[in-house]
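In what follows, a structure is listed as structure tokens, so that the remarks can point back to it.
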Amino acid sequence: MLHVNRMTWRTRATLLLNALLAALAVFLTYVMYYIAVQIYYEKNGLNDKFIRSVMTTVELHESGLMVDKRGLSSVEVTPFLTQKKTLKVYKDVGEWQLIVGELHAKKRLWGELTYSVEEQGPYLNREERDPYVLHSALLDGGKITDSSHPNGAMNQLEKLEDGNVAEIFFSLRTLKSPEQVLELLSDYDVRATNMAVYAGELREIKLGTYSSSGAGHTIPHLTLRPRIMFDDNHFLSAWHTFFSLEAGVSDDVQQLIADVEWMTNNIKYNGVDDDKQRLAYLKKNGVQVYGATVTGPVRELEKLKAESEFWGFRLGRIRGMELELSQLGCQPLHLSPNFFHALNHSEKIGGNSDGRNDSYKERLITEKEVPVRSKIFWGPLFG
């Protein structure tokens, strides 16, 4: 009996050892496979291509949302070859890059690119995702003659004190080229951050989803942004933060066409067939816009109501610099109407006077954060 028990325990120990060795072999095989997958995706530029796909798709389809361009190198690749990435998204409000949410993107092997945006902020019922209205008259090549300026956004601006900066959206009474929009804005101390492109929607392209009201239609659209450039290996090489009338926007327009062409040829995503039709329309008819987003001091934004070509104003994000400085124990800073003019012609942090960023040193902040001030703010306070 004792001999049998010894054999039984020896057999059990052998089986247990074999099981542990098998589990260890499986684990080591998995680790080697996982490392090999990471190296393959990194060495072959698949992660850079994924980042480019996410950035291009989001920024061309969301109204003014920009993807944080720091920490782009780390992409999660699962054992089932699904690429995942979480990134901050921000909007340009004055001289600040204001974090407004978090982007979650993923792409399965041979699958579609999908993403979702979790917005953050203290406001309810915001209209930032669809802020522009395409008037029915524009579809027939006409001009809006009946809609006066909605004064809700302007009434809100009037209640904001000097020293605040904000973004505001407006629609156009006629389709215009981007250059024409910048010409209209050139008399004001504001800057345009993006524009809503009309590419044949509801006229030559039948949309699956859109909404209509008495004022017109809210439609999915392409967004003209200050150009962002990638090299042949899909690595981000340079980008601009805002449009410049002096430098012209022809390069931005050409980059839009190139981005849509690359996007429709290289990415599977919901709406790619519509974008192929949009691309054909833009190549045939050129780029025209029906709305724009601008940012600047609130007193300057108020002046835009004098432009008869602008209508459908909607107020976006607000940044209160006077409040932030008071939280730091400083005296209130009242910005002059030439505040933006001075900043646009001074040395930029992380960019040149034309808005180009060769290295990313822009200030990204949240709505709850009191950021560290640069010398342009501290000088007058403690000189």
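Assess whether residue 201 counts as being over 20 Å from residue 292 (Cα atoms) and either in contact (Cβ under 8 Å) with a residue 60 or more places away in the chain or not aliphatic (A, V, I, L, M) (or both). Quick ask: steps written out before the conclusion?
Working: over 20 Å from residue 292 (Cα atoms): no; either in contact (Cβ under 8 Å) with a residue 60 or more places away in the chain or not aliphatic (A, V, I, L, M) (or both): yes.
For residue 201, the condition - over 20 Å from residue 292 (Cα atoms) and either in contact (Cβ under 8 Å) with a residue 60 or more places away in the chain or not aliphatic (A, V, I, L, M) (or both) - is not met.
Here is a check on your reading of the model: is residue 259 closer than 29 Å to residue 166 by Cα, part of a helix (DSSP H, G or I), among the acidic types (Asp, Glu) and modelled with pLDDT of 95 or more?
Details: closer than 29 Å to residue 166 by Cα: yes; part of a helix (DSSP H, G or I): yes; among the acidic types (Asp, Glu): yes; modelled with pLDDT of 95 or more: yes.
When the stated conditions are applied, residue 259 passes them.
Regarding residue 284, is this residue over 30 Å from residue 259 (Cα atoms), modelled with pLDDT of 90 or more and of a type in the set (D, E, K, R)? Walk me through how you get there before you give the answer.
Details: over 30 Å from residue 259 (Cα atoms): no; modelled with pLDDT of 90 or more: yes; of a type in the set (D, E, K, R): yes.
Against the criterion (over 30 Å from residue 259 (Cα atoms), modelled with pLDDT of 90 or more and of a type in the set (D, E, K, R)), residue 284 does not qualify.
Could you figure out which of (1) free of Cβ contacts under 8 Å to residues at least 60 places away in the same chain; (2) more than 20 Å from residue 228 (Cβ to Cβ); (3) of a type outside the set (Val, Ile, Thr) isn't true of residue 47?
(2)
Look through 259, 231, 274 and report the one residue that is of a type outside the set (Val, Ile, Thr) and within 16 Å of the chain's Cα centre (by Cα).
Among 259, 231, 274, only 259 is of a type outside the set (Val, Ile, Thr) and within 16 Å of the chain's Cα centre (by Cα).
Would you confirm whether any residue within segment 158-176 is within 24 Å of residue 100 (Cα to Cα), touching a Leu at 6+ places or on another chain (Cβ under 7 Å), part of a loop (DSSP other than H, G, I, E, B) and modelled with pLDDT of 90 or more?
There is no residue in segment 158-176 that is within 24 Å of residue 100 (Cα to Cα), touching a Leu at 6+ places or on another chain (Cβ under 7 Å), part of a loop (DSSP other than H, G, I, E, B) and modelled with pLDDT of 90 or more.
Report, ordered by the first and then the second residue, all pairs with beta carbons closer than 7 Å, sequence separation of six or more or different chains, a first member in segment 75-93 that is without any contact (Cβ under 8 Å) to a residue 40 or more places away in the chain and of a type in the set (Lys, Arg), and a second member that is assigned to a strand (DSSP E or B) and surrounded by 13 or more Cβ atoms within 10 Å (Cβ to Cβ).
84/106; 85/105
Being polar (S, T, N, Q), touching a strand residue (DSSP E or B) at 6+ places or on another chain (Cβ under 7 Å) and either at pLDDT 90 or above or at negative phi (or both) narrows it down to one residue among 194, 266; which is it?
194
Within the group 224, 207, 202, which residue is under 28 Å from residue 277 (Cβ atoms) and modelled with pLDDT of 95 or more? Talk me through it step by step, then tell me what you get.
Values: 207 fails: modelled with pLDDT of 95 or more; 202 fails: modelled with pLDDT of 95 or more.
Result: 224 is the single residue among 224, 207, 202 that is under 28 Å from residue 277 (Cβ atoms) and modelled with pLDDT of 95 or more.
Select from segment 49-103 the residues that are assigned to a loop (DSSP other than H, G, I, E, B), among the β-branched types (Val, Ile, Thr) and more than 19 Å from residue 237 (Cβ to Cβ) and write down the one among them that is nearest to the chain's Cα centre (by Cα).
Among them, the one singled out is 82.
Being in contact with a Phe, Trp or Tyr (Cβ under 6 Å, 6 or more places away or on another chain) and crowded, with 20+ Cβ neighbours inside 10 Å is the requirement here; does residue 70 meet it?
Working: in contact with a Phe, Trp or Tyr (Cβ under 6 Å, 6 or more places away or on another chain): yes; crowded, with 20+ Cβ neighbours inside 10 Å: no.
Judged against the criteria, residue 70 is not a match.
If you take the residues of segment 39-52 that are under 15 Å from residue 76 (Cβ atoms) and in contact with a strand residue (DSSP E or B) (Cβ under 6 Å, 6 or more places away or on another chain), which of them is modelled with the highest pLDDT?
So, considering only residues that are under 15 Å from residue 76 (Cβ atoms) and in contact with a strand residue (DSSP E or B) (Cβ under 6 Å, 6 or more places away or on another chain), the one modelled with the highest pLDDT is 50.
The values are calculated or read from the model by the stated rules, or taken from the named source; none is laboratory data. These numbers come from a predicted model, not from an experiment. Every residue, glycine as well, gets a Cβ built from its backbone with ideal geometry; the counts of neighbours run over all protein chains shown.
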